[in-house]
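Below is one structure; the comments refer to it alone.
Derivation of every value follows stated rules applied to the coordinates shown; laboratory data play no part. As the structure is a computational prediction, the values presented were derived from the model and not from experiment. Heads up, the Cβs are rebuilt from the backbone with ideal geometry, glycines too, and the neighbour counts pull from every protein chain shown.
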Amino acid sequence: MLSRADYRLDRMAWLIPTDLALGWGRMSDSAVLQTLEIEQSGRYYFWHTAGFAIPREEIETHSANMHMIPANAAAARALGRVRTGNLVTLSGALVEVRSKAGWSIRSSLTRDDTGPGACEVVWLQALDLR
């Protein structure tokens, strides 16, 4: 896990309390991660580097900001224990949410998109930490 951001005050916080920035493949390699600055803000994940340890495209396609919707109390508790550097295994589904208040959010279904709308929205049924 690259980073986490917890939300309490935005319109989605009651449903999506936490965003996780996740990386896989070489984006979980500590040597690569040491070359990156990673942060989250306003429901977005940002990375910066002074020099690319791996190609830019690989950073973009092997990491993502994921909006986590805990499906049950156990998933919520596990989500609360996740810390930067943990290896995680997720079980769930990618979803679209439409609120009665008029806002909506839909999961990306591809790994080659970037920017607004590229996040995954995960109905989190289980999360295992290693």
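Brief remarks follow.
- Normalised by the number of residues in the chain, the average gap of Cα pairs under 8 Å and 6 or more apart makes the relative contact order 26 percent.
- Rg and Dmax of the range 76-130, both derived from C-alpha coordinates alone, stand at 13.3, 38 Å.
- Net charge of the neighbourhood of Ala5, taken over other residues with C-beta under 9 Å away and scored Lys/Arg +1, Asp/Glu -1, is -1.
- Here the Gaussian network model covers the chain, with springs between Cα atoms less than 10 Å apart; of Ser108, Ser41, Ser30, Ser30 fluctuates the most.
- Taking the chain as a Gaussian network of alpha-carbon nodes connected by springs under 10 Å, the highest mean-square fluctuation of the residues Leu79, Leu20, Leu33 belongs to Leu33.
- Spherically averaged projected area in nm², based on the convex hull that wraps the Cα atoms of the chain: 7.7
- Projecting the Cα positions of Ala93, Gly117, Ala64 onto the charge dipole of the chain (unit charges on Cβ atoms of Lys, Arg, Asp and Glu, taken about the Cα centre) puts Ala93 furthest along the positive direction.
- GNM on the chain, alpha-carbon springs under 10 angstrom: the most fluctuating residue among Gly117, Gly42, Gly102 is Gly102.
- Modelled FRET efficiency - R0 35 Å, Thr35 with Ser104, Cβ distances, 0.05 increments: 0.45
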